[in-house]
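Derivation of every value follows stated rules applied to the coordinates shown; laboratory data play no part. Computed from a predicted structure; not experimentally measured. Here Cβ is always computed from backbone atoms with ideal geometry, including for glycine, and neighbour counts include all displayed protein chains.
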Amino acid sequence: MLLASGLSVSLGRRPVLSDVAFEAQPGQITAIVGPNGSGKTTLLRMLTGDLAGQGAISLDGDTPATMAPRALAQRRAVLPQATAVGFPFTLREIVRMGHEAGHAAHRPGIVDEAVAEVGLSRKIDGFFHDMSGGEQARGHLARVRAQVWEPMRDGRPSWLFVDEPVAALDIGHQLQVMTLLRRFADAGGGVVAVMHDLNLTAMHADRMVLMDGGRIVAAGRPTEVMTDPLLSSAYRCRLCVNTAPPKGIWLLPQAAALA
Ligand SMILES: Nc1ncnc2c1ncn2[C@@H]1O[C@H](COP(=O)(O)OP(=O)(O)O)[C@@H](O)[C@H]1O
Ligand SMILES: [Mg+2]
C-alpha cells in the first residue's frame, strides 16, 4: 500500500503542496485529477521519491526517497508528463533501457511483449524520433511497463506512476492504455495515474483524488468525487454530472465561466 501524510513542498519559494495526505491500494487504479497547476505532477513526483519535501511516504513499508536506486527502480516505474529523447535510439533500445533498469537479467522477449502491448510491434526497430507524438507516448509507456514487468514480484506489488498517460492519444488508444493499466492492477500491481479526461477516469479508476490549489479537496470512488459542486468549484466552470446506462457516469460540459 502507498501511504503518504503531511506532504508539503515549496518550489521557487511558493508553496505548491500543503499538508497533503494520500493513499493508494495495490490492485487498484487511483487517479489524481484537478485543474492545471493544482499540484498533480508535484504530488506524483513526491510519491515516487523524485522530489524531496516535507512529510512521510511509505511504499509497502519502504520510503522511496531513501531506497537504493536499483531497488526503487525494481519496485516502481514512472512515466513523466514529458520525456525528451535526445539521441537516435530505436524503440527497441528505449524499451530495453526500461527493462534493464528494473531487471538484473535481460529477458529479450519482454521487450517485444511490452511493445506489442501498446500496439507498436511493427515500429520496434524504427527510430524513436521518427514516430508520431502519440506513438512516442505509447513507446514510453512500453518502457515503464518493461521496467516493472511483473505486477507482483517476490510477493510484493509493483507500482506504475503515470502522468497524463493518455493526453496525446486518440480515443481508441486511450482505451487501450486504460485497459493495459487495468490489467496491471487486476494482476496485483498498483497504478497511480494523473488524468485530465474525467469521463475516462470515471469509467476506469477505482478511486479518484481531486486536487485544487495544492490540496486534496475530495477523494473516494468516482461516484463520490464526480459531483456537480466538487467539480464545478475545482475547475471553475459549470459542470453537470449525469449517469449513463448500463453503468457509469458521464460529464456534460455546460458553460465556460462559473456563474
Ligand atoms: N520548478 C518549479 N518552480 C516553481 N514553480 C513550479 C515548479 N514546478 C511547478 N511549479 C508550480 O507549481 C504548481 C503546480 O505545478 P504542477 O504540479 O506541475 O501542476 P499540475 O500537474 O497539476 O498541472 C504550478 O503553479 C506550477 O507553476
Ligand atoms: Mg502536470
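Here are a few things to note about the model shown:
- Extension gain for Phe87 to Ala65 (0.36 nm times residue separation, less C-alpha to C-alpha distance): 5.0 nm.
- Per principal axis, descending, Cα span of the chain in whole Å: 55, 39, 36
- Exposure proxy ranking for Lys40, Lys123, based on other Cβ atoms within 10 angstrom of each Cβ and starting from the fewest, stands as Lys123, Lys40.
- For region 1-147: relative contact order, % (alpha-carbon pairs under 8 angstrom, 6 or more apart): 21 percent
- Theoretical FRET efficiency, 1/(1+(r/R0)^6), r = Cβ-Cβ of His129 and Asp206, R0 41 Å, to 0.05: 0.70
- Footprinting exposure proxy ranking of Arg45, Arg143, fewest other C-beta atoms within 10 angstrom first, gives Arg45, Arg143.
- Using a Förster distance of 22 Å, the FRET efficiency for Ala168-Ala105 (Cβ separation, nearest 0.05): 0.10
- Residue among Gly133, Gly213, Gly39 with the largest mean-square fluctuation in a Gaussian network model of the chain, springs linking Cα atoms under 10 Å: Gly133
- When Leu3, Leu230 are arranged by Cβ crowding within 10 Å, least crowded first, meaning fewest neighbours, the order is Leu3, Leu230.
- Computed over every Cα-Cα pair of region 97-154 and binned at 10 Å starting from 0, the pair-distance distribution P(r) comes out as 25, 54, 19, 2 percent.
- Relative contact order (%) - the chain, alpha-carbon pairs under 8 angstrom, separation at least six: 24 percent
- Sorting the segments 63-75, 160-172 by their residues' average number of neighbouring beta-carbon atoms within 10 angstrom, most packed first, yields 160-172, 63-75.
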